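The values are calculated or read from the model by the stated rules, or taken from the named source; none is laboratory data. All of these numbers come straight from a predicted model, not from anything done at the bench. Neighbour counts run over all protein chains shown; Cβ positions are idealised from the backbone, glycine included.
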C-alpha cells in the first residue's frame, strides 16, 4: 500500500510541476458585432484555434466598432471586429490614436441591395432617378455614406441631391411600409426579409457601381500599443483568425462545412433562423485577411473631400499588412474545396 501511495504522490508531483511550468493563456478582450462575418471569431474560439495559439479570448458583443473606439484606444479592448471603416476610425487615426486595421473580415462581393418601394418600382430606371427622392442608409459616419455617395456620383449626383434618412436595417421594412422612404440600401439578411414580406423590391447591386473594388467594410481593428508590447501574441491571434476565416470562405462557397458554420452562428446568437442563414448571401473576404489598400484609402479620401472628416492619416498608416502576410506564410496557399462554386470573392 505504501508503494502505491508513494507512486500516486510522485505522479501528483509530476502533474503539479507540469501545470506550474505551463505557459498561461494570453488574455485578449475582443468586441464583436454579431453578424455573419463574426463567424470567423466564433469559429476561432469554437474550434480551438485561439487556444492552440495560447490565447483565451473574452468576447464582448457590441453594436458597432465606432462606439468602442475609446475602449480600443485606451486598451480596455485589444481588438474589435465589425463595420470598421467609419468616420470614427479615420478621425481617431488622424488624431494619433493607437489603432490600425489588421485583417479584412468582409469585402466585395458584399451582396448589399438597393431597394425601392413596390408602388414606385416603375419610376426607378437609373441612378439618376434618385434625385429628389427620400433614400435611407443605416447611420451617419458609416461606410454606407461612402457607398451611397459613390453610387450617386455615377449619375453626377451628390448626397445633397437626395433627401437622406438614417434608418437602422431592422427598421427599414417599417419605413418602407409607412412610406417614410422611397429607396434605401440594405444588407443581408435584412434585405431578404423586407423583400420576402413584399415591403420593397430589389433594384441594383451597389457592388457593380462602387470603385475601386474589392471594397472592404468589415474588419478587425487592433490597439497598436498592445500589439507592439505583445507582438507574438498579436501575430498568433490574427493567424488563428485567418485560419478560421478560411473555414468561413469554404462555407461561403457552400463547401461541406456550411452547416457547421451555420451551427456556430446560431450557437453564438449572431443569427436565429437556420434556413435563412443558410440560404442568404454571405459577405466575402480575402482568405488571408488582406485588405485592398486602394479601397481603404479611397474611403478616407472621399470622407475628406466631402468635409466629413477634417484631417487625413497617411495612407501607409491605414492598414497593418503584416498580419495578412504572416497568415499567408503560416497557412500556405488557399485551396477551395467546392471547386464548382461560381461565387466571386473568398478565393
- Note on the structure: Within the range 120-147, residues in contact with a helix residue (DSSP H, G or I) (Cβ under 8 Å, 6 or more places away or on another chain) and assigned to a helix (DSSP H, G or I) come out as 123, 127, 129, 130, 143, 145, 146, 147
- Message: For the condition surrounded by fewer than 21 Cβ atoms within 10 Å (Cβ to Cβ), over 20 Å from residue 218 (Cβ atoms), over 21 Å from the mean Cα position of the chain (by Cα) and in contact (Cβ under 8 Å) with a residue 40 or more places away in the chain, what is the one hit in 157, 199?
- Response: 199
- Residue pairs qualifying under the 6 Å Cβ cut-off, at least six apart or on distinct chains, with the first in the range 163-180 being assigned by TED's automatic domain parsing to the domain that holds residue 128 and the second being at pLDDT 95 or above and part of a loop (DSSP other than H, G, I, E, B), are 165/181; 173/199; 175/167; 175/181; 176/117; 176/199; 176/200; 177/199
- Checked pairs for the range 267-293, first surrounded by fewer than 13 Cβ atoms within 10 Å (Cβ to Cβ), second assigned to a loop (DSSP other than H, G, I, E, B), C-beta under 7 Å and 6 or more apart or across chains, list as 269/34
- Within the range 249-264, residues being in contact with a helix residue (DSSP H, G or I) (Cβ under 9 Å, 6 or more places away or on another chain), over 16 Å from residue 48 (Cβ atoms) and assigned to a helix (DSSP H, G or I) number 6
- Message: Take the residues in the range 21-52 that are outside any helix (DSSP H, G or I), out of contact with any strand residue (DSSP E or B) (no Cβ under 6 Å at 6 or more places or on another chain) and in contact (Cβ under 8 Å) with a residue 12 or more places away in the chain; name whichever of them is surrounded by the most Cβ atoms within 10 Å (Cβ to Cβ).
- Response: 35
- Can you spot a residue in the range 309-320 that is under 30 Å from residue 191 (Cα atoms), modelled with pLDDT of 95 or more and not assigned by TED's automatic domain parsing to the domain that holds residue 255? no
- For the range 70-81 the number of residues that are crowded, with 21+ Cβ neighbours inside 10 Å and either in a loop (DSSP other than H, G, I, E, B) or modelled with pLDDT under 95 (or both) is 2
